[in-house]
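Every read-out reported here was derived from the displayed coordinates using simple, explicitly stated rules and does not represent laboratory data. Bear in mind the structure is a predicted one, so any value in this text is a computation, not a measurement. Cβ atoms come from the backbone with ideal geometry, glycine included; neighbour counts cover every protein chain shown.
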């Protein structure tokens, strides 16, 4: 390691990484939340050509599980807009930067003050106080999946109390 403050990079090694990062909503998925056969075929060919595939999404890992399986991935997924890296094989979070509880509580207060519905992404579930159109639609979609692939939506009496009780708050979605 140089001591003069200069960092040396092995660009040859960096430039040989062959990764395709996949967003889901509005990119890979149809409006009906399905994968097109042509997309699956193209990604299969990319894999055969030596590319690794990784999902990078704003979704919670429990909400991308069916797509992860359909794509037959083995790489971790970057979830909740980069808040954490999830390993499906080990069923664990590899690295994370969750929201501090005090910040989550401040956000919940703001949501309440402005009468905005919050959907709080935590641990292995998404929590809400009152069902919104998004929660209802996504829950209906989830019911079409095999039980082991269904995302968990849980109604709670208090998001604030839930934020205190969970291990990690990943992110919030807000709806009027």
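As a rough footprinting exposure proxy, the listed residues 128, 121, 86 were ranked by other beta carbons within 10 Å of their own, and the order from fewest upward is 128, 86, 121.
Would you give the gap between the C-alpha center of the range 78-133 and the C-alpha center of the range 21-42, rounded to a whole Å? Here the answer is 24 Å between Cα centres. With both bridge residues required to lie in the chain, what share of the DSSP beta bridges run antiparallel, to the nearest 5%? If I count the DSSP bridges inside the chain, around 70 percent turn out antiparallel.
Helix 101-113 and the longest principal axis of the C-alpha atoms of the chain enclose an angle of approximately 50°.
Quick check on the chain: helices-only [θ] at 222 nm, where DSSP H runs of length 4 and up contribute -39,500 (n - 2.57) each and the sum goes over total residues. Nearest 500, please. Spell out each step's value before the answer.
On the way: 6 runs with 58 residues, N = 176.
Rounded to the nearest 500, the figure is -9500 deg cm²/dmol.
All Cα-Cα distances of the range 11-96, cut into 5 Å bins from zero to the largest, leave 3, 14, 25, 24, 18, 12, 3, 1, 0 percent in each bin in turn.
Between 153, 67, 51, the Gaussian network model of the chain with springs among Cα atoms under 10 angstrom shows the greatest mean-square fluctuation at 51.
Residues 120, 99, arranged from fewest to most other Cβ atoms within 10 angstrom of their Cβ, appear as 99, 120. Going by alpha carbons, how many degrees (0 to 90, nearest 10) lie between the helix axis of 37-48 and the longest principal axis of the chain? Long axis of 37-48 versus the principal axis of the chain: about 40 degrees. Residues 20, 64, 54, arranged from fewest to most other Cβ atoms within 10 angstrom of their Cβ, appear as 20, 54, 64.
The candidate values were [x] -0.48, -0.56, -0.63; [y] -0.40, -0.48, -0.57; [z] -0.35, -0.44, -0.53; the one computed from these coordinates for log10 I(q)/I(0) by the Debye sum over Cα atoms at q = 0.09, 0.10, 0.11 Å⁻¹ carries the label [y]. Which residue fluctuates most in the GNM of the chain (Cα springs below 10 Å): 148, 129, 74? Fluctuation is largest for 148. The GNM of the chain, with springs linking C-alpha atoms under 10 angstrom apart, assigns the highest mean-square fluctuation among 35, 110, 73 to 110.
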